[in-house]
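Undergrad: One structure coming up, written as structure tokens, with questions to follow.
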Amino acid sequence: QVQLVESGGGLVQPGGSLRLSCAVSSNVESVADMAWYRQAPGKQREYVATITLGGSINYTDSVKGRFTISRDSAKNTLYLQMNNLTPEDTAVYYCYCNDWGPVYWGQGVQVTVSS
């Protein structure tokens with residue numbers, strides 16, 4: 001079983017930056033793919049970005065050019081660098097892992113963008 005623990009959330013002003021981290025209890029380069037999702041108040045959870053075993057990366061359109069997903073195999077950590085944040089980015093952000101069938105979620109971390 002894979003355990004995921006997110007950190008790095010908080011309150012930031014519009015235009016600011018945050019970096020989310022997801023500590024993974026397994027080798028990040030052995031799982032099929034990892035991703036970030038988010039859920040805003042009153043809305044369904046939505047996909048934000050993914051990185052596959054082979055290193056392919058994709059983003060949802062609303063974050064392209066502003067967010068960067070990456071992983072550090074030495075630290076078994078997944079990251080989400082978020083720049084030029086807007087109030088529409090306010091949500092609970094979740095780390096996701098697909099371990100060749102079983103999927104795992106972190107507990108979520110709050111990101112609030114407000115002046």
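The values are calculated or read from the model by the stated rules, or taken from the named source; none is laboratory data. No experiment lies behind these values; they were computed from the predicted model shown. Note that we place each Cβ from the backbone using ideal geometry, even for glycine, and neighbour counts take in every protein chain shown. Protein only, heavy atoms only, side chains kept; ligands, DNA and RNA dropped before computing areas. Shrake-Rupley method; radii C 1.70, N 1.55, O 1.52, S 1.80 Å.
Undergrad: What single numbered condition from (1) closer than 16 Å to Tyr104 by Cα; (2) open to solvent by 20 Å² or more (accessible area, probe 1.4 Å) fails to hold for Val24?
TA: (2)
Undergrad: Without any contact (Cβ under 8 Å) to a residue 24 or more places away in the chain, assigned to a loop (DSSP other than H, G, I, E, B), loosely packed, with under 13 Cβ neighbours inside 10 Å and over 11 Å from the mean Cα position of the chain (by Cα): is that true of Gly15 in this structure?
TA: The answer is no for Gly15.
Undergrad: Could you list, in sequence order, the residues of the stretch 87-102 that are touching a strand residue (DSSP E or B) at 6+ places or on another chain (Cβ under 7 Å) and either surrounded by 14 or more Cβ atoms within 10 Å (Cβ to Cβ) or closer than 14 Å to Tyr47 by Cα (or both)?
TA: Within the stretch 87-102, Asp89, Thr90, Ala91, Val92, Tyr93, Tyr94, Cys95, Tyr96, Cys97, Asn98 qualify.
Undergrad: Residues of the stretch 58-86 being aliphatic (A, V, I, L, M) and open to solvent by less than 70 Å² (accessible area, probe 1.4 Å), which ones?
TA: Those that are aliphatic (A, V, I, L, M) and open to solvent by less than 70 Å² (accessible area, probe 1.4 Å): Val63, Ile69, Leu78, Leu80, Met82, Leu85.
Undergrad: Strands (runs of 3 or more DSSP E) wholly in the stretch 58-115 with at least 1 residues that are among the basic types (Lys, Arg) and touching a residue at least 12 places away in the same chain (Cβ under 8 Å) - which ones?
TA: In the stretch 58-115, the matching strands (runs of 3 or more DSSP E) lie at 67-72.
Undergrad: In addition: Which ones in the stretch 52-77 are modelled with pLDDT under 95 and aliphatic (A, V, I, L, M)?
TA: Leu53, Ala74
Undergrad: Might you let me know whether the stretch 36-48 holds any residue that is in a loop (DSSP other than H, G, I, E, B), of a type in the set (Gly, Ala, Ser), open to solvent by 30 Å² or more (accessible area, probe 1.4 Å) and touching a residue at least 40 places away in the same chain (Cβ under 8 Å)?
TA: Scanning the stretch 36-48, I find no residue that is in a loop (DSSP other than H, G, I, E, B), of a type in the set (Gly, Ala, Ser), open to solvent by 30 Å² or more (accessible area, probe 1.4 Å) and touching a residue at least 40 places away in the same chain (Cβ under 8 Å), so the answer is no.
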